[in-house]
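Shown below is the structure under consideration.
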Amino acid sequence: MSQTLKSLKFMAFDVDGVMTDGTLTYLPDGSETKTFYTLDGAGIRMLQKSGIVVGWITGRSSPAVEHRAKNLGITHLAQGVSDKHKVFGTWLKEAGLDFSQAGFMGDDLIDLAVMKACAFSAAPANAVGIVKQTADLVTVEGGGRGAVRAVCEHILQAQDKLDAFLTSGIH
């Protein structure tokens, strides 16, 4: 697995249940809110600074996701997606990469096809059973509660890039 992680160049994440805890809160006007964990965002920035491209692919659409992605400099964002494998495959092809250089973190059945195609897959502790069984790494942390950060650190550790962040911090 560590050799696979050493060649990882593109990591994509589901949003609901991975970047968030999966809770949907509807306001009286019908809009929804989402809560993102700041340490997960810091982990995303660490991946980006180490040269790994980061993308988000989600089955739902939300202005909150777009705002958070923009805040983190996520240039690959796809919302309202039913075929995550196809979207990720297109991104990889455009980047001159393939699934052997990619990873995906998901929590539900819609994520299985892309997880199985990637060289590395991860799931948060709150993922459904079959997704956790499929994943190469299941975090102790839940979605929206540090699971993304744990995966980011796992990747950086395997690539011998984590120590640089431990001494310099994340900026």
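The values are calculated or read from the model by the stated rules, or taken from the named source; none is laboratory data. Quantities reported herein were computed from a predicted structural model and do not represent experimental measurements. Backbone-built Cβ (ideal geometry, glycine too); neighbour counts: all protein chains shown.
Here are the criteria: (1) under 18 Å from Met115 (Cα atoms); (2) under 15 Å from the mean Cα position of the chain (by Cα); (3) at pLDDT 95 or above. Tell me which single one Asp83 does not satisfy.
Going through (1) under 18 Å from Met115 (Cα atoms); (2) under 15 Å from the mean Cα position of the chain (by Cα); (3) at pLDDT 95 or above one by one, Asp83 breaks only (2).
A follow-up question, please. Go through Val114, Val138, Val131, Val148 for me and flag whichever is closer than 15 Å to Leu39 by Cβ, among the aliphatic types (A, V, I, L, M) and in contact (Cβ under 8 Å) with a residue 12 or more places away in the chain. Explain how you work it out, then say what you get.
Values: Val114 fails: closer than 15 Å to Leu39 by Cβ; Val138 fails: closer than 15 Å to Leu39 by Cβ; Val131 fails: closer than 15 Å to Leu39 by Cβ.
The conditions single out Val148.
Here are some conditions: (1) under 13 Å from Phe104 (Cβ atoms); (2) outside any loop (DSSP other than H, G, I, E, B). Val15 meets all but one. Which one does it not meet?
Every condition holds for Val15 apart from (2).
Output the number of the condition that Ser2 fails; it satisfies all remaining conditions of (1) in contact with a Ser or Thr (Cβ under 9 Å, 6 or more places away or on another chain); (2) modelled with pLDDT under 95.
So the condition that Ser2 fails would be (1).
Among the residues of the stretch 61-82, write down those that are out of contact with any Gly (no Cβ under 9 Å at 6 or more places or on another chain), surrounded by 15 or more Cβ atoms within 10 Å (Cβ to Cβ) and over 24 Å from Lys49 (Cα atoms).
Scanning the stretch 61-82 gives a single hit, Ser62.
Right, another one. If I go through the stretch 112-171 residue by residue, how many of them are in a helix (DSSP H, G or I), at pLDDT 95 or above and more than 15 Å from Leu47 (Cβ to Cβ)?
Total meeting the criteria: 12.
Can you work out which of the residues in the stretch 51-85 that are in contact with a Leu (Cβ under 6 Å, 6 or more places away or on another chain) and touching a residue at least 40 places away in the same chain (Cβ under 8 Å) is farthest from Leu8 (Cα to Cα)? So that I can check it myself, show each step before the final result.
Of the residues in the stretch 51-85, the ones in contact with a Leu (Cβ under 6 Å, 6 or more places away or on another chain) are 54, 56, 69.
Restricting the remaining residues to those that are touching a residue at least 40 places away in the same chain (Cβ under 8 Å) gives 54, 56.
Values: Val54: 11, Trp56: 16 Å.
Per the criteria, the residue is Trp56.
In the stretch 86-109, how many are touching a residue at least 60 places away in the same chain (Cβ under 8 Å), assigned to a helix (DSSP H, G or I) and more than 14 Å from the chain's Cα centre (by Cα)?
Residues meeting the conditions: 4.
Can you tell me which residues in the stretch 20-67 are in a loop (DSSP other than H, G, I, E, B), within 20 Å of Ala123 (Cβ to Cβ) and among the acidic types (Asp, Glu)?
Hit for the stretch 20-67 is Asp21, nothing else.
Taking Glu153 as meeting all but one of (1) closer than 15 Å to Met11 by Cβ; (2) in contact with a strand residue (DSSP E or B) (Cβ under 6 Å, 6 or more places away or on another chain), write down the number of the exception.
For Glu153, the failing item is (2).
Conditions (1) closer than 23 Å to Cys118 by Cβ; (2) charged (D, E, K, R); (3) buried (at least 21 other Cβ atoms within 10 Å of the Cβ), marked per residue:
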| residue | (1), (2), (3) |
| --- | --- |
| Phe10 | yes, no, yes |
| Val18 | yes, no, yes |
| Leu24 | no, no, no |
| Leu27 | no, no, no |
| Ser31 | no, no, no |
| Lys34 | no, yes, yes |
| Thr38 | no, no, no |
| Arg45 | yes, yes, no |
| Gly55 | yes, no, yes |
